[in-house]
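The structure appears below as structure tokens.
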Protein chains: 2
Amino acid sequence: MKKLVLIFSILMLCNACKDASVEPKVVSNINELNDAIQNVKAGDQIVLANGVWKDVEINFSGQGTEAKPIILRAETPGKVTIEGVSNLKIGGDYLEVHDLHFKNGYTPSRNVIQFKINDTLIANHSKVTNCVIEEFTQPDRDVSDHWVEFWGRHNELSNNYIAGKSNFGPTVMVMLKGNQHIKNYHQIVNNHFGPRPRKGGPHGETMQIGDSGTSMTPSHTNVENNLFERCNGEVEIISSKSNNNTFKNNVFFESEGSLVLRHGNYATIDGNIFIGNDNSEFIGGIRVINTGHWITNNYFYKLKGSTFRAPLAVMNGIPKSPLNRYNQVTDAVIAYNTFVDTKTPFHFSVGSNVSQSEVLPKSEIRSARPTRTVVANNILYNQTPFEYPIKNYDKVDGVLFKNNYTNSANKSEVQPEGLQTVELDVQEVSKSLKVPTYDTKQIYSGFDFETITTDLFGNKRDKDNNSLGAIINTNNHNDLYNQSNYGTSWFKNQKNDSVSQTIEISTSQELANAISNANSGDIISLNAAEYQINRSLPVDKNITITSKDKNNKAQLVFTSEGTAFQMKPKGILHIEDVVLKGNNNQSAFKTLDKNMKSAYGLWLKNTEVSNFKSVLEVSKGSFSDTISVTNSIIKNCKSGIQLNKETNDKGDYNSEFVYITNNTFTNVDQDVLNYYRGGYDESTIGGNLVFQNNTITKSGQTDKDNILIKTRGIVNVIFANNSFINNPVKYISILWGEKGQKPENNEVKNSGEIKVVQNLKLKLVY
Amino acid sequence: MKKLVLIFSILMLCNACKDASVEPKVVSNINELNDAIQNVKAGDQIVLANGVWKDVEINFSGQGTEAKPIILRAETPGKVTIEGVSNLKIGGDYLEVHDLHFKNGYTPSRNVIQFKINDTLIANHSKVTNCVIEEFTQPDRDVSDHWVEFWGRHNELSNNYIAGKSNFGPTVMVMLKGNQHIKNYHQIVNNHFGPRPRKGGPHGETMQIGDSGTSMTPSHTNVENNLFERCNGEVEIISSKSNNNTFKNNVFFESEGSLVLRHGNYATIDGNIFIGNDNSEFIGGIRVINTGHWITNNYFYKLKGSTFRAPLAVMNGIPKSPLNRYNQVTDAVIAYNTFVDTKTPFHFSVGSNVSQSEVLPKSEIRSARPTRTVVANNILYNQTPFEYPIKNYDKVDGVLFKNNYTNSANKSEVQPEGLQTVELDVQEVSKSLKVPTYDTKQIYSGFDFETITTDLFGNKRDKDNNSLGAIINTNNHNDLYNQSNYGTSWFKNQKNDSVSQTIEISTSQELANAISNANSGDIISLNAAEYQINRSLPVDKNITITSKDKNNKAQLVFTSEGTAFQMKPKGILHIEDVVLKGNNNQSAFKTLDKNMKSAYGLWLKNTEVSNFKSVLEVSKGSFSDTISVTNSIIKNCKSGIQLNKETNDKGDYNSEFVYITNNTFTNVDQDVLNYYRGGYDESTIGGNLVFQNNTITKSGQTDKDNILIKTRGIVNVIFANNSFINNPVKYISILWGEKGQKPENNEVKNSGEIKVVQNLKLKLVY
């Protein structure tokens, strides 16, 4: 497909060339560009001279025609970078943008690329192709923007590479408010959506089509043949919120989230590939809400998520749901899909929450089960048989199962006749592509099933040549995951395989220099000594600080007023086998107060931290992927690890993973750990805490909440094998029963109680 | 159009005839019919022999083809009547039903005609044409049914006459639940929908397309060229509850209600005619809810309704509305409409009820104003200028007015630039058709306006030939209201103009015989005397009982155990200048206990009613159009006029109009008047009471509610110029301030208080 589009693009260019009057107009600065745009006419080409275009706001307007589009392009693809505070707006007909590279900056407006200039100058039949948007993210994660915002009709985003958005807001957004923008038939094709980091809160979609107010609106956006690689922003990789959208032949590779039919109806999800590789239970598949969706010919490989992140999650709805909540699933067709080494493909009535009536209003209770839903001709193969193909969170009484086959027994609570255990043949075609087949003429032909005319690879299905599952034969099959099939003709996002250096250090000045000059991945090795440090050490790369002699640890004694280590965006700090001492007035680790545009990380191991005002302090907008403290000693600090500043109560939080294991905490006066997430939100993993094998003594004495270990709102908590001795608090911790949290094997002496509350009352966020 | 269809039908019949093998199969009873159906094949005709077919349930199944439909028809159109407990179900392809007459009965199932036999045998490409359904209504008004229920796709209801449904449930219903029934492209064309009486509660629509659960569903039903004549059932004549429906060239003649876009979006309402003739403020036009509707080329004549029944009501929505309530109006286009002698055409933010927050939950508050709505190229003409063309119930900040013209000044609160006062030319073409024009080249061309290619009469609009309003010229114009353009080829619903007889009476036996034998409209004239009557007198027609000598009134003295007069369906009883006396143990007037299938009426004038247990007692399912008591004396009764048995609290009530004027009530112990309507419903007129110029004395002494005149839940109440003397009650009445009710000029002596409550808490009914 990509090749076709390229050929087509070249033909279009040649077409434009044929017109003798067309001489590409090369411009070298924004003024020349503006002049060129002012005078542009159908068939013209405007060429941005190679170089850095910094702080430019380009309004590309004009009236091309189908035969004579107007093209704005780079002199050499990849040699024109748009940097600084810059953006691009497009308004008019048949306008094309080629070959630009957005990096090292962010947009001053709400969008990097916007398919309108204003409400009366809207783009139609226009496209952005062969471009890159790379980490063009807002300095402040809380500031919202979109990188590509569609308006108008018949616009195209094709063959681009787009990655690294860490701030608030979907990467690509399709706007539908207004008759000019509905029935848009936009094409989002052949793009490579590279990694989007976890956001630690909602609004981290890679793509959103409409919003909760457009669930009634026909969109007809086509999302085809794109690669979504590790798009981890939030629970929805794609959030379809309008009608009649098509998702076809896309590959979702190790992306923590799902293709979600959130609002709107009558979507087609055909021939997509979901590769989990068993890497994480957060990697999902397809989540179904609303009416009339057709989910056919999809291939699911090694997925192990459940509930919202199940391979195929069919949700319960809210009766008479408010417009922005959950409609019942009706008239869905789930047919001819193949599940390979995906233990429990089918999850029905996901989101059923009748048990939450105590803490949720009636308008939040998802009690309407899927109905008039057909599950037919699917094939389920597990190399190691797994006997629970169906997970149900409510009765399954509205789903018709017909001619589905698995190679495992079915010991699920739901055992439909239409799911049979049989011997399956399996052909292993490539690493991720296994094709299970079952030789039968028994294929279910439901209402309108004759409209399913091809398989995953486009091979024709008809009466005489049809079979179960997504693949009727391996003709035309491609590698399931091959980056080179997607994105631009010129950009490669391969990382340099630089070898990490070890830098040996003997003085505090050398330490400061080393931290400043090291390359990401380097190791700073401290000779055994006491280092007096009277300033903050900023960390903005991945470095490890360790003692050369693990039996004679270096001591870093901080006399600085500010924090000892200042955690900056992308700073990943590992400290191993080091003793850190403070002056009781500063933090050991502290983030910037603002502009924490990307995540940071902190890993302490075999390390002692003492005499600080606090161990870790963070700012509101900051986010760490992981905080890990293990085999360490924390003592004589006024407060401990504080991940509690994201208090907007809209589902955001300050850290995704927190591992606190095998440590001793002594005399930490308050907030030994304070890890907070507020608001009733289901868009994220919701935080993860492992608090295990720790000994906490004589701590919490000034804690104003009277709770030693605070985890309010955090979804995933393991709390086991700790000892709590002589801590003068009311509660050691309050765990959340509904999320399966329970204390295990903890020793409690002269300390408070470990309490479990079943249901937690949270603020509604919408 | 009708002629065309007839010619087409004849051609189809001839087509069938051409096949030599086709011999119409005449059947004479249900067994023969069932046999014939069992053996039917494409191209066959089954002919029902002339006569009465009583208590028949016909399942008409078969597989016709487009070229060879299967036809079920009457031997002679109009000579085959389906009577008794009967119905018709159709299942299969290309099936046609012609020429049948349903009357004198009702369906034993949920439908009279149903386009499916069961869930697997559904009709497609089938039609019912040239048939009549006449008062085929359930004996019990509370029993719900539909007369025509659509399922499947591509079915047709054409050239039928359908009238007289008085029970619960829309007359025509289009079902959309299931993929087999969506995108149905049903044709409802050329029908005559005759009078549907007021229902006195919700669920009295003449047509409903989908329900609140299908607001997301594409229906594509076409309702074209039908006449809706006095379809008064409830506030919605047509309730469109799905997407993409078309309403074109229909005539709404003096129908109390509106064409309502209740749920669903993207309707086309083009070239319809709304004739009110100033007859009633309950005759509405179009009511708009939801998104993307186009309302063009419509002609509004002499309409004077407001709020829900405005000529053009654009509603406020509920933010994030529940599925079954009110979405915001967005992206509506209201263009090229003509309003003639329609004083205030535009009503914006209808239903705004922020002031009701005290008694309504948040999920009921309609505060979302219309937005992105265009009102353009409309023309407003009032022969007598009227200066308030716009009524607004909230701010009007989301509506763009462009190039609208009126011949009156605009003193409305909203005075957009896009509505200008100009001199208009007017051509009076026929009684109801006046064509105002304004000669201007200033015609607004909004987004997609080029898709409006014709006017009301199908005359072509283009760049060179266009003008404001619904009519660009009167070429091709037809009579706006001509019954003969609609319905069957054979049925005439003209009433006989029988002359009313006066029957003179001297004995009670003669009276009973006269009532029994009179024709509707007759007058029974009583010679002056005392008539002892020891039985109930049933009334099932329109009769008047009066005294021959108004100065020497006849006295009817009832010794019967049961009620004096028994009001039966269709009984309209006028009593004038008569004295009625009871034995203190019976009612003067009482309805049947059940099976009050149609409305009754009671009119008392210059009449005295005394010594009854009660004046009027009704049963739960009963409904009177009008109860009128005027210039009369009511005395010494244990209770009065009781219209309080419809207590389902779902919006139903026992009488539409109650006029109590110029009477004296003395010693009526309780319920002098008890007129009740329960439940928060907006589907009906809501009851009407005029209580004026009455004198009430020494009454209410045993009233358990301690209220003399009870009007709870009744919407329209005039309460003026009455005298209340020596009534031992706490309240004379409790009026509803929010509905504009207030006591005026009443005299109160030694009686209770007349209270006004602003907001009334009512049970939510959905």
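From the cross-link list A:LYS541/A:LYS710; A:LYS402/A:LYS434; B:LYS183/B:LYS304, which pairs have alpha carbons spaced over 32 Å apart? Could you put the intermediate results ahead of the total?
Details: A:LYS541/A:LYS710 30 Å; A:LYS402/A:LYS434 23 Å; B:LYS183/B:LYS304 36 Å.
With Cα atoms farther than 32 Å apart: B:LYS183/B:LYS304.
Provide the descending list of Cα extents for the stretch A:623-766 along its principal axes, expressed in whole angstroms.
Principal extents (Cα only, largest first): 43, 28, 25 Å.
With unit charges on the beta carbon (Lys/Arg positive, Asp/Glu negative), name the residue among B:ILE122, B:ASN184, B:ASN551 whose Cα is farthest towards the positive pole of the charge dipole of the protein assembly as shown.
Checking the options against the dipole of the protein assembly as shown, the answer is B:ASN551.
Evaluate the stretch A:359-481: find the radius of gyration of its Cα atoms, find its Kirkwood radius, and give the ratio Rg to Rh.
Across the stretch A:359-481, the Cα-based Rg/Rh ratio is 1.03.
Taking the Cα centre of chain A as origin and charging only Cβ (+1 Lys, Arg; -1 Asp, Glu), how large is the dipole, in debye to the nearest 20? Display every interim value, and only then the final one.
Numbers: 79 positive and 79 negative charges, 241 e Å.
Here chain A has a charge dipole of around 1160 debye.
Calculated from DSSP H runs of 4 or more alone, at -39500 (n - 2.57) each and per residue, what is the 222 nm mean residue ellipticity of chain B, nearest 500?
Details: 3 runs with 36 residues, N = 766.
The helix-only estimate for chain B comes to -1500 deg cm²/dmol at 222 nm.
For the stretch B:512-528, take each phi angle, set θ = phi - 60°, evaluate the Karplus expression 6.51 cos²θ - 1.76 cosθ + 1.60, and give the result in whole Hz per residue in order, putting x for glycine and proline.
4, 4, 4, 4, 5, 9, 4, 8, 4, x, 6, 10, 9, 9, 8, 5, 4
Total Lys pairs in the stretch B:590-642 closer than 12 Å by alpha-carbon, pairs eight or more apart in sequence or interchain only?
6
Could you give each residue of the stretch B:387-393 its phi-based ³J(HN,Hα) in whole Hz, using Karplus coefficients 6.51, -1.76, 1.60 with θ = phi - 60°, and x for Gly or Pro?
Calculated HN-Hα couplings, in order: 9, 10, x, 10, 10, 10, 9 Hz.
Translational D (Stokes-Einstein, µm²/s) of the stretch A:496-614 at 4 °C and 1.567 mPa s when Rh comes from the Kirkwood sum over C-alpha pairs?
Translational diffusion coefficient: 91 µm²/s.
Share of Cα-Cα pairs in the stretch A:224-286 beyond 19 Å, in percent?
25 percent
Could you estimate the translational diffusion coefficient of the stretch A:211-254 from the Stokes-Einstein equation, with Rh from the Kirkwood formula over C-alpha pairs, at 4 °C and 1.567 mPa s, in whole µm²/s?
112 µm²/s
For chain A, with the dipole built from +1 on Lys and Arg beta-carbon atoms and -1 on Asp and Glu ones, taken about the Cα centre, which of A:ALA720, A:GLN442, A:ILE523 lies farthest toward the positive end?
Toward the positive end, the furthest listed residue is A:ALA720.
What do you get when you divide the Cα radius of gyration of the stretch B:402-544 by 2.2 N^0.38 Å, with N the number of residues?
Numbers: Rg = 29.1 Å, N = 143, 2.2 N^0.38 = 14.5 Å.
Cα-based Rg divided by the globular estimate yields 2.00.
Testing the spin-label approximation: label points 7 Å from Cα along Cα→Cβ at A:ASN662 and B:LYS704. State their distance in nm.
So the two model labels end up 7.9 nm from each other.
The stretch A:345-411: percent of C-alpha pairs farther apart than 17 Å? Mind showing how you got there, number by number?
Numbers: 1160 of 2211 pairs.
The calculated P(r) of the stretch A:345-411 puts 52 percent of pairs beyond 17 Å.
From the Cα trace of the stretch B:578-696, what convex hull volume per residue do you get, rounded to a whole Å³? Don't skip to the answer; put the middle values down first.
Numbers: hull volume 11.3 nm³, N = 119.
Dividing the Cα hull volume of the stretch B:578-696 by its residues yields 95 Å³.
If r is the Cβ-Cβ distance from A:SER516 to A:VAL52 and R0 is 30 Å, what FRET efficiency results, to the nearest 0.05?
0.75
Per residue, what volume in Å³ does the convex hull of the Cα atoms of the stretch B:2-485 enclose?
140 Å³
At q = 0.11, 0.17, 0.18 Å⁻¹, what base-10 log of I(q)/I(0) does the Debye formula yield for the stretch B:50-125 when every alpha carbon is treated as an equal point scatterer in vacuo?
-0.27, -0.64, -0.71
Under 20 °C and 1.002 mPa s, how fast does the stretch A:287-328 diffuse according to Stokes-Einstein, given a Kirkwood radius computed over C-alpha pairs? Answer in µm²/s, whole number.
Working: Rh = 11.8 Å.
Once the numbers are plugged in, D ends up at 181 µm²/s.
Just the ratio, please: alpha-carbon radius of gyration of the stretch B:251-341 over 2.2 N^0.38 Å, N its number of residues.
Ratio of Cα Rg to 2.2 N^0.38 Å: 1.05.
With each label point set 7 Å from Cα along the Cα-Cβ vector, what nm distance links A:ASP464 and B:LEU764?
6.0 nm
At what distance in nm do the modelled label points of A:THR647 and B:ASN534 sit from each other, each positioned 7 Å from its Cα along Cα→Cβ?
Distance between the two pseudo-spin positions: 9.0 nm.
DSSP beta bridges in the stretch B:74-181, what fraction antiparallel, as a percent rounded to 5?
Taking every DSSP beta bridge within the stretch B:74-181, about 5 percent pair in antiparallel fashion.
Within chain B, what percent of beta bridges assigned by DSSP are antiparallel, to the nearest 5?
Numbers: 10 of 227 bridges.
Bridges in chain B that DSSP calls antiparallel: roughly 5 percent.
What are the ³J(HN,Hα) couplings of the stretch B:672-684, residue after residue, when phi is run through the Karplus curve with 6.51, -1.76, 1.60 and θ = phi - 60°? Round to Hz, x for glycine and proline.
3, 9, 10, 10, 10, 9, x, x, 7, 10, 10, 7, 10
So what is Rg over Rh here for the protein assembly as shown, counting just Cα atoms and using Kirkwood for Rh?
We get a ratio of 1.04 for the protein assembly as shown.
Loop-only GluC sites (Glu not before Pro) in the stretch B:380-479, please: DSSP not H, G, I, E or B, and at most 12 other Cβ atoms within 10 Å.
The qualifying sites are B:GLU413, B:GLU417, B:GLU423.
Binning at 5 Å from 0, report for the stretch B:151-252 what percent of all alpha-carbon pair distances ends up in each bin.
So the P(r) values, bin by bin, are 3, 15, 24, 24, 20, 12, 2.
Run the Debye formula on the Cα coordinates of the stretch A:467-533, all scatterers equal and no solvent, and tell me log10 I(q)/I(0) at q = 0.13, 0.15, 0.22 1/Å.
Here the Debye-derived log intensity ratios amount to -0.62, -0.69, -0.96.
Can you say what percent of the DSSP beta bridges in the protein assembly as shown, counting only those with both residues inside, are antiparallel? Round to 5.
Around 5 percent antiparallel, to the nearest 5.
How many angstrom lie between the Cα centre of the stretch A:191-211 and the Cα centre of the stretch B:503-577?
81 Å
FYI, it's all coordinate maths here, none of it is from the lab. Bear in mind that the values here come from a model prediction, so they are computed numbers and not experimental data. Neighbour counts are summed over all protein chains in view; Cβ atoms, including those assigned to glycine, are modelled from backbone coordinates with ideal geometry.
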